[in-house]
1. Residue under question is GLU82, and the condition is that it be more than 20 Å from PRO167 (Cβ to Cβ), open to solvent by 40 Å² or more (accessible area, probe 1.4 Å) and either in contact with a helix residue (DSSP H, G or I) (Cβ under 7 Å, 6 or more places away or on another chain) or in a strand (DSSP E or B) (or both); does it hold?
2. Please go through region 52-79 and pick out each residue that is under 18 Å from VAL104 (Cα atoms), of a type in the set (S, T, N, Q) and either open to solvent by 50 Å² or more (accessible area, probe 1.4 Å) or part of a helix (DSSP H, G or I) (or both).
3. Conditions: (1) in contact (Cβ under 8 Å) with a residue 12 or more places away in the chain; (2) not in a loop (DSSP other than H, G, I, E, B). VAL94 meets all but one. Number of the miss?
4. From SER116, SER122, which residue is closer than 25 Å to GLU14 by Cα and either exposed (fewer than 15 other Cβ atoms within 10 Å of the Cβ) or in contact with a Pro (Cβ under 6 Å, 6 or more places away or on another chain) (or both)?
5. Among the residues of region 127-143, which ones are under 20 Å from GLY21 (Cβ atoms) and open to solvent by 40 Å² or more (accessible area, probe 1.4 Å)?
Amino acid sequence: GGPKALAGTTGQEEEVALARGSAIHLLLEHLAKEEPSERAERAKALLRNFPETDTVLTEAERVLDAPHLRALFAPNTFCEVEVSAPLPDWEGRVMQGVIDRLVVSDDHVLAVDFKSNTQVPSSAQAVPEGILRQMGAYAAILEQIYPGRRVELAIVWTATTEFMPIPLNIVRAAMQNATLP
């Protein structure tokens, strides 16, 4: 629960923004393994009836081609990873989600979420509460799936290709502020 966009965000209607975000996510999922010369054709096939294919393709390609993000799309990474686990701090309720990119190593796990918000927060502390809670749930789940490994979280803001690490203390505080449904 909680907002997933910055207060005062104007412009796109929520439904249009959600459709645009879904299109960008779909392209990031499927175009990572495509040759750059084949991306446009594949994007058109994936987004047959989407009116802004060129615009979302441009945004997705900026993310895919950003040198500082290359490791997120390496062959040993995972995309669209479904996770679930009971959360002890939430009366054992089972939480589930889909992590956009997951990088697993011997000593740590990095969960990355792509956000297509047009207004990008200036810092991790300014990230909307709903996103922090989402990331907090991922952290709590991953700590159970990968005991003994350090869990790291980050958001990639697709509008700017910014890689924003999200400290665990911030997401844990957001989770504590949430009320049980």
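The values are calculated or read from the model by the stated rules, or taken from the named source; none is laboratory data. Note that this is a predicted model, so its numbers are computed, not measured. Methodologically, a virtual Cβ is constructed for each residue, glycine included, from the backbone with ideal geometry; neighbour enumeration extends over all protein chains shown. Ligands, DNA and RNA are excluded from the accessible area calculation, which covers all protein heavy atoms including side chains. Shrake-Rupley method; radii C 1.70, N 1.55, O 1.52, S 1.80 Å.
1. Values: more than 20 Å from PRO167 (Cβ to Cβ): yes; open to solvent by 40 Å² or more (accessible area, probe 1.4 Å): yes; either in contact with a helix residue (DSSP H, G or I) (Cβ under 7 Å, 6 or more places away or on another chain) or in a strand (DSSP E or B) (or both): yes.
For GLU82, the condition - more than 20 Å from PRO167 (Cβ to Cβ), open to solvent by 40 Å² or more (accessible area, probe 1.4 Å) and either in contact with a helix residue (DSSP H, G or I) (Cβ under 7 Å, 6 or more places away or on another chain) or in a strand (DSSP E or B) (or both) - is met.
2. The answer is ASN76, and nothing else.
3. VAL94 satisfies all of (1) in contact (Cβ under 8 Å) with a residue 12 or more places away in the chain; (2) not in a loop (DSSP other than H, G, I, E, B) except (1).
4. Details: SER116 fails: either exposed (fewer than 15 other Cβ atoms within 10 Å of the Cβ) or in contact with a Pro (Cβ under 6 Å, 6 or more places away or on another chain) (or both).
Step by step, each of SER116, SER122 is checked, and only SER122 is closer than 25 Å to GLU14 by Cα and either exposed (fewer than 15 other Cβ atoms within 10 Å of the Cβ) or in contact with a Pro (Cβ under 6 Å, 6 or more places away or on another chain) (or both).
5. GLU129, ARG133 - these are the residues of region 127-143 that are under 20 Å from GLY21 (Cβ atoms) and open to solvent by 40 Å² or more (accessible area, probe 1.4 Å).
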